[in-house]
1. Hand me the list of helices (runs of 4 or more DSSP H) wholly inside region A:487-594 holding 3 or more residues that are touching a residue at least 60 places away in the same chain (Cβ under 8 Å).
2. Regarding region A:916-937, can at least one residue be identified that is within 14 Å of chain B (Cβ to nearest Cβ), touching a residue at least 24 places away in the same chain (Cβ under 8 Å) and not in a loop (DSSP other than H, G, I, E, B)?
3. Out of all the residues in region B:49-58, is one or more within 11 Å of chain A (Cβ to nearest Cβ) and either modelled with pLDDT of 95 or more or touching a strand residue (DSSP E or B) at 6+ places or on another chain (Cβ under 7 Å) (or both)?
4. Given the condition within 14 Å of chain B (Cβ to nearest Cβ), in contact with a strand residue (DSSP E or B) (Cβ under 6 Å, 6 or more places away or on another chain) and surrounded by 24 or more Cβ atoms within 10 Å (Cβ to Cβ), answer yes or no: does some residue in region A:89-112 qualify?
5. So, in region B:88-104, how many residues would count as being assigned to a helix (DSSP H, G or I), within 13 Å of chain A (Cβ to nearest Cβ) and in contact with a strand residue (DSSP E or B) (Cβ under 9 Å, 6 or more places away or on another chain)?
6. Looking only at region A:675-712, how many residues end up being under 30 Å from residue A:602 (Cβ atoms) and at pLDDT 95 or above?
7. Do you know which residues across region B:173-187 are at negative phi and out of contact with any helix residue (DSSP H, G or I) (no Cβ under 9 Å at 6 or more places or on another chain)?
8. Of all the strands (runs of 3 or more DSSP E) wholly in region A:739-841, which have at least 1 residues that are free of Cβ contacts under 8 Å to residues at least 12 places away in the same chain?
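The values are calculated or read from the model by the stated rules, or taken from the named source; none is laboratory data. Keep in mind it's a predicted model, so treat the numbers as computed, not measured. Note: ideal-geometry Cβ built from the backbone for every residue, glycine included; neighbour counts use all protein chains shown.
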């Protein structure tokens, strides 16, 4: 049928099929700003466009329904200010505000948000914050926590009304502070402004987070500045920047037939009928692809975990495991073919409870002879990893304690829920090299790991990482690339494979669920004498990240509290863990990487102990917490399966974080006041306030490598090529800022590109909070080499032969795009670049460098939460989250605070609503983003981010990590706030209404 | 999958299409559910051009056209706050812009806040052909038995007081459990609950002294083996008392 639409002001006629959705048609026509979030019920909103000026989900509307209507897509909103000689009207005010305020992270949902804002402001020029949040509430964002998008829209509204708006960069945001924890000097407290408002989110007039900065920060021109993200302009226009935003002629669509059983052998599989279906290119089973054992975990070599996975196997180990790959001309044919595959299963007993996995006689998941052990994995016991760490004399410590506290805790399996699903396109290039364009956090690991699986040498594989629509660890996995690659090898044709949201739930990775027993010995004065954790971790059917995730549960969470006095010098810490196979979908990497699990139990335990001892919970924590100059207690005991080496922690801003966080949330006013806990006129409501202190790591020492190359162009700009993988975090921007600082140029003069295994230097990828620290150091080193060449050439250009020059090259300063001598003479970098490439002693000024760190300096944070509990129903509303963070020097306050806000929001889901459950047959209950709820814009608590800088001496600009630490403290702080509100001990998160209600009943029965 | 698309200009034309035996032909409101189904071959009749999207007060009744969007319910000053809030909880704002009241009632399940409030209010639906009026509360549990081809209107009483409260994991989550209570001036009280099965449950309907505990337990007893039954039962009783007070 023919439909007629007016799209972005132009009337078009399209021939559509009755079943075609508007989203399918728009993308076919090249409107790539409308994204596919994999959802089946319109829950994500990434596909939103304006229909008649109203934001609607184009995935939930037939193209035919749009006949006769006016459609606006992001492509019709605004564009780059000039295209050479063709000038444009530039970006729309809303788009510009999104760019300036840092409202864009991965950018996958940004076009939808901009359109929703445009619709709102078209009929409401002065919206309240609540109205803005309501307008955004149809769009799920997993990156930002919605705060900056809300600020962007309020800012745009003000501009459109003709009002002046404050600059983003305000000096008031930077408070001078040089932390001196040894001297116990306290920084100035922020004013207490909270007047106990009802739930609601106050509009923040200031976009910048409050920062207490080191004295060095103010001397830099680019480091420490709220620069707009380098990819923001393209993302806000909805440019075709993501994996699926290309169309290649003859591309086949892949589907994967998945197991309906939790554990079974494939006795027979018949694909004849499927192959006979017109339009089917091929069907692959375990009989067709090489049987190569590997691990899907995207980690450096050797992978610190067992090799226990095959692309296709004759045994399936979870509901959703792979049975067959299909490639067909279109999705409909591929799905039909999938139904024609005949499979006879021999159903095996399933292990569906981690506690049963190691029991005598338990069904063994991995009996394949190809299995390759790592460290102490033992498939005959369903053991993917086994950790036994003893630091000091733990039993002696317990014997010396006045009181022993021993409690059990539980944490759930949760999903990364990046809005862009896993997606890959593979094809042979003209040189018969296999190109894999994929949404991955680990392009170089993917290339290395895929090579044996595909029977290709590394050099015949090229992995291209376009922009990524969020990853959060879910894409630190070689999960979909082999499917498309095998099908391309089999057919010779391009193949596209994209997960649905249901596949994300049944067949992607997740956070490891754990059962944790924690035993703590304490003296009457609050000194911890020993601390021991046993952790039973469920890795699911495969052992990807099994050892390292669970190892970090202890390595970070059990390292924070070392004890006081003599115990501080020689802490007694035990961390034992068994990571077991079960017939659940595999767990894997998820932002925080085992640490949120650990801190849920540690911080709930610390609260229990402090309250039992009638000590101030914060003073109790600080009394026992690590301090600057002390040895990381685990550094001599464990290093992700490699040789441990002692590491001193040089910077700990925890005390300052506590001080500022307490002031921001009003701790001193609220915590001691019983009246504050009551809500006037609502006897069923109770308020509570809670805290958690946390630490993370920064990169993996002696292992993970980052590389960078910089070349100078003849206009004084630079190409910065990095293998580091910006998955929306802003790492490209931060790396470019570091280069710009060293080279003395504007950010727009650094043209950064990441990442392509053919063109960019090696990088381990985006994980372990390492990019700014590891890849950033590589960038600084490469930039310094380039800067040295520039200075030498500047001396020659300014003063002729070197012998006659009055200054050495080291005395030349690079600033504002010029090389400036002490006498004030200068030459522009454009002149230097031009001279080098075309005129005198010609050379390409360029350099490559790389970096591996010998240390992993931890960031620290104090997380505060305020809640209201309905004590009759167990319903919990989180009203406020405040996080004060020591991440070393903050390179970009906008991107860094965006990381904290987005991380706190993900962690909020972990605290109160996110949980993956399975029925008695191992079938997933949650399969979409309706039953698995992630927070929307119109239900968020107030978020406050504070940065308390320390200067980490192991990095040229003093940085530590920021990306993962916001995942760690929210859940325990919320749990502690619930305890504070009503006495309920919720030891298993999330704190859902039934769990809280049961805990309240338990208190009442005591 | 959808094999035919029609957009009639009149109700009569729509009914004619919907009366066909083959292919199976169904009405399409906003399309938020039907546009994604792929299990059977269907012809759809898009109702967007029919004049069925008005909200009007007629004497002591409120008449809501079948294709009125959920967002129009949220925005309407004619509706009780509890009903507007239930409509807001029914779907996210992008879906509410196109999803219709009739579509939501046809496709919703036992967690539907909108159907729960409408059941408590003793809403009626008008079907064509035949001008058949039936009780929403009675029809929802037996949705396969349709008295007509097309829902035309939903009728509500206006001289009532309705309150509702829902308990979810977060403020706008799909409710785990919820209660809507409607009072008539006569003293009649009607309560419906959500959180079980395929449709909201009517747990109370009467006046004078009502033994709420036993009425609720009887009404919900069919679901005693379901997940969180004990919790839900306790919360329903608590919320009914809270709303009645």
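1. So the answer is A:501-507, A:546-557.
2. Checking region A:916-937: at least one residue is within 14 Å of chain B (Cβ to nearest Cβ), touching a residue at least 24 places away in the same chain (Cβ under 8 Å) and not in a loop (DSSP other than H, G, I, E, B).
3. Among the residues of region B:49-58, at least one is within 11 Å of chain A (Cβ to nearest Cβ) and either modelled with pLDDT of 95 or more or touching a strand residue (DSSP E or B) at 6+ places or on another chain (Cβ under 7 Å) (or both), which makes the answer yes.
4. Yes: region A:89-112 contains one or more residues that are within 14 Å of chain B (Cβ to nearest Cβ), in contact with a strand residue (DSSP E or B) (Cβ under 6 Å, 6 or more places away or on another chain) and surrounded by 24 or more Cβ atoms within 10 Å (Cβ to Cβ).
5. 6
6. Here the count works out to 14.
7. Once the filter is applied, which keeps residues that are at negative phi and out of contact with any helix residue (DSSP H, G or I) (no Cβ under 9 Å at 6 or more places or on another chain), region B:173-187 yields B:184, B:185, B:186.
8. Working: elements: A:750-753, A:813-815, A:818-820, A:826-828.
Fully inside region A:739-841 and qualifying: A:818-820.
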